[in-house]
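Let me begin by presenting the structure, written as structure tokens, before commenting on it.
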Amino acid sequence: VGCFGELNRVVCITNDVVDPLVMPGVLSSLTTQGIRVDKIVIPDGESEKTIERWQTLVLQLLDMGVDRATPVIAVGGGVIGDLVGFAAASVMRGVPLVQVPTSLLAMVDSSVGGKTAVNTSHGKNLVGAFYQPRLVYGAMASLDSLDDIHFLSGLGEVIKHAVISDIELFRECTALSERILDRDPKIMGKIVERCCRIKSEVVRVDEYERGHRAVLNLGHTVGHALEQALRETENALPHGVCVALGVLAEVRWAEACGHAEVGTADQIETLMSCFGLPKTPPSVDWELVIDTARFDKKAARGKLQIPVVETIGRVRLDTIEYQDIATLFHSFPGFKTCETL
Ligand SMILES: NC(=O)c1ccc[n+]([C@@H]2O[C@H](COP(=O)([O-])OP(=O)(O)OC[C@H]3O[C@@H](n4cnc5c(N)ncnc54)[C@H](O)[C@@H]3O)[C@@H](O)[C@H]2O)c1
Ligand SMILES: [Zn+2]
């Protein structure tokens with residue numbers, strides 16, 4: 001509260017799953033300090049991350065009479081964080097934003113760094129803004145109610161952060177995997193803190209992704225394409241699980257090209273096994289996967305920028321040619337190369 005000077009009013013925005021689980025605690029901690037809390041609850045789901053929902057939210061905020069000093073608090077996972085962040089960035093050209101991440105993925109990744117966005121028919125996250133939160137407050141106790149698949153999804157982004165820049169974190173994850181899967185609060189607190197530090201350090205150097213920040217896209221060329229191709233099929237997987245598969249495939253590719261130390265991918269595969277993450281994707285339309293990877297928004301002028309892992313904890317940026325994108329998927333057993341791919 002201190003970082004807002006005199007604070008007498010906030011607006012909390014959450015979804016109908018998180019609302020009964022987390023909002024009572026948020027409400028009581030604010031109201032006991034004499035702060036008035038208005039609340040907006042939207043339906044759960046990625047399908048709410050739209051221009052239409054953004055428009056409804058900004059109009060609701062204006063109807064409530066918010067002014068430039070009224071903090072807007074996003075209480076939820078990455079969907080709420082991205083959507084509410086974009087609403088806060090645009091209402092009155094920007095009101096103070098507080099992120100209260102409640103999913104592991106939001107705690108270790110999406111709540112930090114200032115990327116906000118909604119999806120459009122042209123693709124995911126294509127309309128948005130860089131808008132930094134004033135405060136990120138991890139609702140650590142709320143991890144208890146998160147379902148297993150979304151907890152695993154968060155662990156996928158933890159693996160990514162460790163592979164990018166923290167071999168110690170990687171080793172600890174491997175050694176302490178059982179306690180992590182038990183969601184031991186002490187260990188989880190440390191992991192979330194380490195990941196936030198890793199991400200904020202990268203973002204501090206390159207807030208607007210003009211260069212270095214792209215290392216955070218490790219695993220996302222492959223992972224994002226898998227996620228998109230599996231969406232709305234019975235085999236759909238959440239973002240972070242696809243990212244973990246992507247990290248593994250991209251590191252196997254780096255090893256095959258001679259960029260990564262031999263054995264790096266095996267270490268990652270071992271950690272994924274410890275966490276119970278799948279190491280191969282389910283049955284998927286590979287042609288669709290490759291098309292999606294080729295049309296990824298990060299591709300420009302016939303080349304795709306890609307983080308190349310050298311060893312656990314060290315990564316550099318490089319480019320690969322458009323026509324070579326399919327090679328990133330070669331290590332997946334189900335992947336079949338054919339003329340069209
Ligand atoms: N801005 C960024 O830098 C960034 C980075 C990564 C991902 N993202 C975005 O984040 C989104 C994915 O985030 P996510 O995985 O948190 O998905 P999500 O927000 O949909 O949350 C996953 C599910 O868990 C529920 N949930 C959240 N907290 C809970 C809790 N404490 N207890 C019980 N249930 C809870 C949610 O209601 C939802 O059903 C995607 O839209 C992705 O594009 C953004
Ligand atoms: Zn991600």
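Here is how the numbers come out for the structure above:
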{"read-out": "Computed over segment 137-245, Cα set: Rg, Dmax in Å", "value": "14.5, 40"}
{"read-out": "Net charge of Cβ neighbours under 13 Å - reference LEU277; Lys, Arg +1; Asp, Glu -1", "value": "-1"}
{"read-out": "Computed P(r) (all Cα pairs; segment 1-145; 5 Å bins; percent)", "value": "2, 10, 22, 25, 23, 13, 4, 1, 0"}
{"read-out": "Sulfur and carbon atoms: percent of accessible area, the chain [1.4 Å]", "value": "51"}
{"read-out": "Spread of Cα-to-Cα distances over 5 Å intervals beginning at zero, given as percent, for segment 230-325", "value": "2, 12, 20, 22, 21, 16, 5, 1"}
{"read-out": "Length-normalised contact order of the chain in % [C-alpha pairs under 8 Å, at least 6 apart]", "value": "13"}
{"read-out": "Centre separation in Å (Cα based) which lies between segment 268-287 and segment 218-251", "value": "9"}
{"read-out": "Heavy-atom accessible area ranking, 1.4 Å probe, most first, across LYS124, LYS49, LYS303", "value": "LYS303, LYS124, LYS49"}
{"read-out": "On Cα atoms only, tilt of 51-63 relative to the major axis of the chain in degrees", "value": "20"}
{"read-out": "Cross-link pairs LYS160/LYS190; LYS160/LYS199; LYS160/LYS279; LYS39/LYS199; LYS49/LYS190; LYS279/LYS336 - those with Cα-Cα distance over 21 Å", "value": "LYS39/LYS199; LYS49/LYS190"}
{"read-out": "Rounded to the nearest 10 Å², the accessible area of ASP82 at probe 1.4 Å", "value": "20"}
{"read-out": "Helix-only mean residue ellipticity at 222 nm for the chain, each DSSP H run of n ≥ 4 adding -39500 (n - 2.57), per residue, nearest 500", "value": "-13500 deg cm²/dmol"}
{"read-out": "Relative contact order (%) - segment 1-79, alpha-carbon pairs under 8 angstrom, separation at least six", "value": "47"}
{"read-out": "Exposure rank, largest accessible area first [TYR322, TYR137, TYR208; 1.4 Å]", "value": "TYR137, TYR208, TYR322"}
{"read-out": "Angle between the chain longest axis and helix 148-165 axis [Cα atoms, degrees, rounded to 10]", "value": "70"}
{"read-out": "Among beta bridges that DSSP assigns inside the chain, antiparallel share in %, nearest 5", "value": "45"}
{"read-out": "Rh by Kirkwood over Cα pairs, then Stokes-Einstein D for segment 190-259 at 1.002 mPa s and 20 °C, µm²/s", "value": "158"}
{"read-out": "Residues with amide H under 5 Å from that of ASN15, placed H, sequence gap 5 or more", "value": "ILE42"}
{"read-out": "Using alpha-carbon coordinates, inclination of helix 239-256 to the longest axis of the chain, degrees", "value": "30"}
{"read-out": "4 °C / 1.567 mPa s Stokes-Einstein diffusion coefficient of the chain, Kirkwood radius on C-alpha pairs, µm²/s", "value": "63"}
{"read-out": "PHE329, PHE4, PHE130, PHE295, ranked by accessible area, largest first (probe 1.4 Å)", "value": "PHE295, PHE130, PHE4, PHE329"}
{"read-out": "Amide H within-cut-off set for ASP318, under 5 Å, with H built and near neighbours excluded", "value": "ILE306, VAL308"}
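The values are calculated or read from the model by the stated rules, or taken from the named source; none is laboratory data. What you see is a predicted model, and the numbers here were worked out from it, not measured in a lab. Heads up, the Cβs are rebuilt from the backbone with ideal geometry, glycines too, and the neighbour counts pull from every protein chain shown. Quick note on the areas: whole protein, heavy atoms, side chains included, nothing else; ligands and nucleic acids left out. Shrake-Rupley method; radii C 1.70, N 1.55, O 1.52, S 1.80 Å.
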